[in-house]
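Chemist: Okay, here's the structure, questions in a sec.
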Amino acid sequence: MRAAVLTAPQKIELTTLDTPEPGPGEVLVRMRALGLCGSDMGVYTGERPVPSFPWVMGHEGGGEVVSVGAGVDQARIGQTVVIEPNYPCLGCAACAAGITSVCQNRVIVGINAPGLLSEYVAVPTQFAHRLPEGMPQEALAVLEPLAVARAAVAMADVSAGEHVLVAGAGSQGLMVVQLLRSQGSVPWVMELDPGRLQHAAELGAGSAADAAAPAKFAHVIDAVGSPGLWKALLPKLSAPTTITVIGMSDEPLPVTTKQITRGRMTIQGTIIYDHPKDFEGTIAQASTGELDHAAVLTPAVPFSRVDEAFAGATSAPGKTWIVFDGKA
């Protein structure tokens, strides 16, 4: 099978690897589509080190089950599935409490385990979620990050009619906008990139820089985690305010305990999603048709040009995704 491997930071090569055999409890998936996100770009640039080179990246995608391992129902063959690429141990205290997102033993596909950027992948059957009939191919590239955004919006606990400041209009911010709009909340985006700001506007978000925007916000969803962005958003916070943080950075934030206490700030972090309820809930919501899967995506890039996908992903005004086209 063909696979795209990282041989050094910012260097991707298409190569041939042995097609895996599904082990006990596993399904073999023929990949159809895969999305790229900030974590992938961190691996690509070397900012997020990987166990070894060459390394297979990628964790947002899915395809068709073509064979199964021992103990797996043969009826799974032929199903279209999206892969949940974070495998919690299901035995630790966090997992027992239902908070699998903070499992310290978590296997992270594409980060500490080989990823999905190959024509075939073997995955545990419970992490290959069947999609309802009729869902479009692009949903395979969107559902995993949508589960992340959906968990964040649920944690933010914003009511219909409430105004929300969304920091960043990258792909995660755009999905947050879609989800807020679907529940009747009013999103306003803080974003410097004109293309991304326009994309957010097309999805129904206002610009926080517009004169019509609220002067202060009681709810913020930070999809970037940038200290520089926090300098801009702090003056826009009401008291009290709740900030839900998705984006991550190693740099300290420019906020003091005095600002936190006097502003009655609640700052809460959210990381991925909890297994299995969040993924199952995301698929159920997406299957209703209330969200436009393609609306956050840029034009698809063929697997044969995977290097171009990574090279352009950082500046793309939307989510970059790859289709496995079967071409050499």
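Chemist: I'd like the accessible area for Thr314: 1.4 Å probe, protein heavy atoms, all chains in place, Å² to the nearest 10.
Modeler: It works out to around 100 Å².
Chemist: Just to be sure I follow the rule: in the chain, considering lysines 8 or more places apart or on different chains, how many pairs have Cα atoms under 25 Å apart?
Modeler: Lysine pair count for the chain: 9.
Chemist: Something else: Protein chains only, probe 1.4 Å: how do Asp157, Asp274, Asp18, Asp222 rank by accessible area, largest first?
Modeler: Ranked list, largest accessible area first: Asp18, Asp157, Asp274, Asp222.
Chemist: Considering only DSSP beta bridges where both residues belong to the chain, give the percentage that are antiparallel (nearest 5).
Modeler: 60
Chemist: Restricting the calculation to Cα positions, tell me the Rg (one decimal) and the Dmax (whole number) of the stretch 101-153 in Å.
Modeler: According to the Cα coordinates of the stretch 101-153, Rg and Dmax are 12.9, 37 Å.
Chemist: Choose one answer from Thr241, Thr261, Thr16: the residue with the largest mean-square fluctuation in a GNM of the chain with alpha-carbon springs under 10 Å.
Modeler: Among Thr241, Thr261, Thr16, the largest mean-square fluctuation in the Gaussian network model of the chain belongs to Thr261.
Chemist: Let me ask another. Given the Cα-Cα distance of Ala154 and Asp307 and 0.36 nm per residue of separation, how much length would full extension add, in nm?
Modeler: 51.6 nm
Chemist: Mind checking Rg over Rh on the chain, alpha carbons, Kirkwood formula for Rh?
Modeler: Result for the chain is an Rg/Rh of 0.97.
Chemist: Of Pro214, Ser101, Pro317, which is farthest on the positive side of the dipole of the chain, counting Cα position, with +1 on Lys and Arg Cβ, -1 on Asp and Glu Cβ, and the Cα centre as origin?
Modeler: Selected residue: Pro214.
Chemist: Okay, helix-only estimate at 222 nm for the chain: each DSSP H run of n ≥ 4 adds -39500 (n - 2.57), divide by all residues, round to 500 deg cm²/dmol; what do you get?
Modeler: It lands at -7000 deg cm²/dmol.
Chemist: With a 1.4 Å probe and every protein chain kept in, tell me what percent of the accessible surface of the chain is carbon plus sulfur. Mind showing how you got there, number by number?
Modeler: Details: 7420 of 14180 Å².
On the chain, the fraction of accessible area on carbon and sulfur atoms equals 52 percent.
Chemist: Another question about this same structure. Show Met155, Met248, Met41 ordered by accessible area, largest first, where the area counts protein heavy atoms only and the probe is 1.4 Å.
Modeler: The most accessible residue leads, giving Met248, Met155, Met41.
Chemist: May I ask which residue of Leu140, Ser159, Ile111 lies farthest towards the positive end of the charge dipole of the chain, with charges of +1 (Lys, Arg) and -1 (Asp, Glu) on Cβ and the Cα centre as origin?
Modeler: Sorting the options by dipole projection puts first Ser159.
Chemist: For the stretch 74-131, what log10 I(q)/I(0) values come out of the Debye formula at q = 0.15, 0.25 1/Å, with one point per alpha carbon and no solvent?
Modeler: After summing over all Cα pairs, the log10 values are -0.51, -1.04.
Chemist: With the calculation restricted to Cα positions, what are the radius of gyration and Dmax of the stretch 201-241 in angstrom?
Modeler: Taking only Cα atoms of the stretch 201-241, I get Rg and Dmax of 10.9, 30 Å.
Chemist: Based on the mean of other beta carbon atoms within 10 Å per residue, what is the order of 138-145, 212-219, 72-79, most packed first?
Modeler: 138-145, 212-219, 72-79
Chemist: Let me ask something else about it. Kindly state, to the nearest 0.05, the FRET efficiency for Glu162 paired with Ala294, given R0 = 22 Å and r defined as their beta-carbon distance.
Modeler: Calculated value: 0.20.
Chemist: Say R0 is 35 Å: what FRET efficiency, to the nearest 0.05, do Ala284 and Ser315 get from their beta-carbon distance?
Modeler: After rounding to 0.05, the efficiency reads 0.55.
Chemist: On to the next question. Using Cα springs under 10 Å in a Gaussian network model of the chain, which residue among Leu253, Leu197, Leu116 shows the largest mean-square fluctuation?
Modeler: For the chain, modelled as a Gaussian network with Cα springs under 10 Å, the answer is Leu253.
Chemist: Here is a follow-up. Under the rule a/c < 1.5 gives rounded, and otherwise a/b versus b/c splits prolate from oblate, where does the stretch 1-114 land using the Cα gyration tensor?
Modeler: oblate
Chemist: Given the whole protein assembly as supplied and a 1.4 Å probe, what does the accessible area of Lys11 come to in Å², nearest 10?
Modeler: Approximately 100 Å² for this residue.
Chemist: Continuing with the same structure: Report the accessible area of Val66, computed with a 1.4 Å probe over the heavy atoms of all protein chains in place, in Å² rounded to the nearest 10.
Modeler: Rounded to the nearest 10, that gives 60 Å².
Chemist: Give, in nm to one decimal, the length gained when the segment between Ala215 and Ala8 is fully stretched (0.36 nm per residue of separation minus the Cα-Cα distance).
Modeler: 69.9 nm
The values are calculated or read from the model by the stated rules, or taken from the named source; none is laboratory data. Predicted model only: the values in this text are computed from it and were never measured. Reconstructed Cβ throughout: ideal geometry from the backbone, glycine too, with neighbour counts over all protein chains shown. What goes into the accessible areas is simple: the full protein's heavy atoms, side chains included, and nothing from ligands, DNA or RNA. Shrake-Rupley method; radii C 1.70, N 1.55, O 1.52, S 1.80 Å.
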